[in-house]
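The values are calculated or read from the model by the stated rules, or taken from the named source; none is laboratory data. Small disclaimer: the values here were computed from a predicted structure and weren't measured. Using ideal geometry, Cβ is built from the backbone for each residue, glycine included, and neighbour counts are taken over all protein chains shown.
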Amino acid sequence: MLYQIYETNRAWISPFSEFASATSKLYSNPLSPMAQIPSAQRLSAGFDLIHRLTKEYEKPAFRINNVNVHGTDVVIQEQTVIDKPFCKLIRFKRFTDDAKLLAKMRDQPSVLVVAPLSGHHSTLLRDTVRTLLQDHKVYITDWVDARMVPVDAGPFHLDDYVNYVQEFIREVGPDVHVISVCQPTVPVLAAVSLMASRGEATPRTMTMMGGPIDARKSPTAVNNLAMNKSYEWFETNVIYRVPTNFPGATRRVYPGFLQHTGFVAMNPDRHATSHYDYFLDLVRGDDDSVESHREFYDEYNAVLDMPAEYYLDTIKTVFQDFALVNGTWKVRNLKGKEELVRPQDIKTTALLTVEGELDDISGAGQTKAAHDLCTGIPKKNLKHYDVVGAGHYGIFAGRRWREEAYPAVRAFILAHNK
């Protein structure tokens with residue numbers, strides 16, 4: 001019922017949001033007589049802020065049209081390699097007329113970025129992808145909003161997520177380097193472990209960034225909620241059916257708006273200050289700061305619904321049973337057979353873990369715990385990197401990602417590419 005109430009409220013407030021947008025332009029357009037009255041700029045800024053606080057945010061585009069490779073701009077084209085009901089595997093294909101540069105790019109490592117399915121769209125990793133494209137052939141998992149997936153597509157469990165990852169790894173090829181950001185560190189480790197146990201070729205490297213491999217270490221507010229509430233509590237209080245105005249009508253989901261509310265509730269003062277600063281920047285005419293704010297919140301406020309089965313499986317497996325670190329996690333494969341996840345069977349894949357010093361989503365030591373599980377990997381192929389001063393988002397986006405984390409990731413991939 002809550003989802004229906006939310007959608008009704010959104011539909012009701014939408015005209016007021018558009019009115020606020022139009023009024024803001026009325027007070028700011030130099031050709032409008034209203035823009036000449038005293039305090040017009042403050043009025044315009046106020047209505048603009050109201051519009052952004054009440055508007056609906058749709059999934060943004062990646063907007064990666066070109067990238068600089070060895071001093072030359074190359075054109076980027078998004079290509080869908082695999083199109084599955086709950087996820088698309090996208091390749092960012094690079095094009096250039098420079099024959100020598102093209103030859104170099106062909107020899108560069110292939111990287112599969114496994115984006116999180118945790119409320120935000122894969123475009124949250126735009127900066128990650130753009131930076132990686134300078135030195136790599138890049139693929140990414142683009143998860144589909146569950147409310148857009150018809151019920152006849154069937155359910156989507158955590159096991160299905162693991163099976164998807166294995167299929168994507170096989171598609172890119174055994175020379176792939178896998179990078180998992182936050183939530184997917186756990187299913188990616190499971191996917192590679194199962195491939196190793198079967199004797200399949202495994203990726204050259206796994207880079208795991210800010211993920212809850214062992215959520216018992218330095219638990220954060222996010223971890224505590226998942227660990228202190230019962231499975232039944234989550235099933236009763238946060239799972240709802242998709243309203244009839246979406247293709248996935250009646251599908252059980254964990255709504256994106258609940259996840260977004262939770263994220264905002266973690267740092268309400270920070271968000272309030274950010275919006276007030278945005279208002280002041282509009283009044284001052286600081287276009288660079290205004291655009292920076294808009295870009296961040298266009299991404300941050302765009303959320304997706306998660307399939308209920310997947311969400312509940314994750315709560316139980318990762319945050320309540322700690323099945324991965326306890327060695328009790330069994331994953332159902334495509335043939336319906338359960339297989340035990342054994343990270344110790346991984347032997348030929350090098351492992352890099354990356355953590356942010358100030359990460360308030362995945363606490364210190366949670367990602368590094370993968371080293372204790374992957375005992376079959378030679379110590380010379382194990383590495384950990386701490387990004388000093390970085391929060392959760394800072395390890396994969398922004399200045400610290402580009403200047404500190406990325407050089408470490410790039411060097412690690414290059415060292416194990418042969």
Among (1) of a type outside the set (S, T, N, Q); (2) modelled with pLDDT of 95 or more; (3) under 24 Å from residue 130 (Cα atoms); (4) not in a helix (DSSP H, G or I), which single condition is residue 391 missing? (2)
Might you let me know whether the stretch 81-96 holds any residue that is among the aromatic types (Phe, Trp, Tyr) and within 23 Å of residue 155 (Cα to Cα)? yes
Go through 208, 227 for me and flag whichever is outside any helix (DSSP H, G or I), touching a residue at least 12 places away in the same chain (Cβ under 8 Å), under 30 Å from residue 349 (Cβ atoms) and in contact with a helix residue (DSSP H, G or I) (Cβ under 6 Å, 6 or more places away or on another chain). 208
Which of the numbered conditions does residue 299 fail, given that it passes all the others? Conditions: (1) in contact with a His (Cβ under 9 Å, 6 or more places away or on another chain); (2) of a type in the set (Asp, Glu); (3) farther than 29 Å from residue 43 by Cβ. (3)
How many residues of the stretch 370-388 are surrounded by 20 or more Cβ atoms within 10 Å (Cβ to Cβ) and over 22 Å from residue 128 (Cβ atoms)? The answer is 3
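Here are 248, 262: which of them is outside the structural domain of residue 392 (by TED's automatic domain parsing) and at pLDDT below 90?
262
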Scan 331, 318, 325 and give me the residue that is within 30 Å of residue 190 (Cα to Cα), outside any helix (DSSP H, G or I) and under 24 Å from the mean Cα position of the chain (by Cα). 331
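Conditions (1) crowded, with 20+ Cβ neighbours inside 10 Å; (2) in a loop (DSSP other than H, G, I, E, B); (3) of a type in the set (Phe, Trp, Tyr), marked per residue:
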site: 134; (1), (2), (3): no, yes, no
site: 139; (1), (2), (3): yes, no, yes
site: 147; (1), (2), (3): yes, no, no
site: 155; (1), (2), (3): no, yes, no
site: 159; (1), (2), (3): yes, no, no
site: 162; (1), (2), (3): yes, no, no
site: 171; (1), (2), (3): no, no, no
site: 175; (1), (2), (3): no, yes, no
So which residues in the stretch 69-109 are touching a Ser or Thr at 6+ places or on another chain (Cβ under 7 Å), surrounded by 15 or more Cβ atoms within 10 Å (Cβ to Cβ) and in a loop (DSSP other than H, G, I, E, B), if there are any at all? 96
Report every pair of residues separated by at least 6 positions or lying on different chains whose Cβ atoms are under 8 Å apart, first residue within the stretch 385-401 and farther than 9 Å from residue 355 by Cα, second surrounded by 16 or more Cβ atoms within 10 Å (Cβ to Cβ) and hydroxyl-bearing (Ser, Thr, Tyr). 396/128; 397/128; 401/128; 401/131
Of all residues in the stretch 23-36 being surrounded by 11 or more Cβ atoms within 10 Å (Cβ to Cβ) and of a type in the set (A, V, I, L, M, F, W, C), the one that is nearest to the chain's Cα centre (by Cα): 26
Those residues of the stretch 116-132 which are surrounded by 24 or more Cβ atoms within 10 Å (Cβ to Cβ) and small (Gly, Ala, Ser) amount to 122
Per the filter on the stretch 338-369, residues surrounded by 19 or more Cβ atoms within 10 Å (Cβ to Cβ), farther than 19 Å from residue 416 by Cβ and not hydrophobic (A, V, I, L, M, F, W, C) are 355, 356, 359, 362, 363, 366
Among 31, 117, 43, 112, the single one that is in contact with a Phe, Trp or Tyr (Cβ under 6 Å, 6 or more places away or on another chain) and part of a loop (DSSP other than H, G, I, E, B) is 117
Out of (1) touching a Pro at 6+ places or on another chain (Cβ under 7 Å); (2) assigned by TED's automatic domain parsing to the domain that holds residue 181; (3) within 30 Å of residue 231 (Cα to Cα); (4) not aromatic (Phe, Trp, Tyr), what's the single condition that is false for residue 349? (3)
Could you look through the stretch 342-391, keep only residues that are β-branched (Val, Ile, Thr) and under 24 Å from the mean Cα position of the chain (by Cα), and pick out the one that is farthest from residue 189 (Cα to Cα)? 388
Checking 103, 146 in turn, the sole residue that is without any contact (Cβ under 8 Å) to a residue 24 or more places away in the chain and among the small types (Gly, Ala, Ser) turns out to be 103
When every residue in the stretch 250-279 that is farther than 26 Å from residue 183 by Cβ and touching a residue at least 12 places away in the same chain (Cβ under 8 Å) is compared, the one farthest from the chain's Cα centre (by Cα) is 279
Of the residues in the stretch 334-388 that are assigned to a loop (DSSP other than H, G, I, E, B) and of a type in the set (Asp, Glu), the one that is modelled with the lowest pLDDT is 360
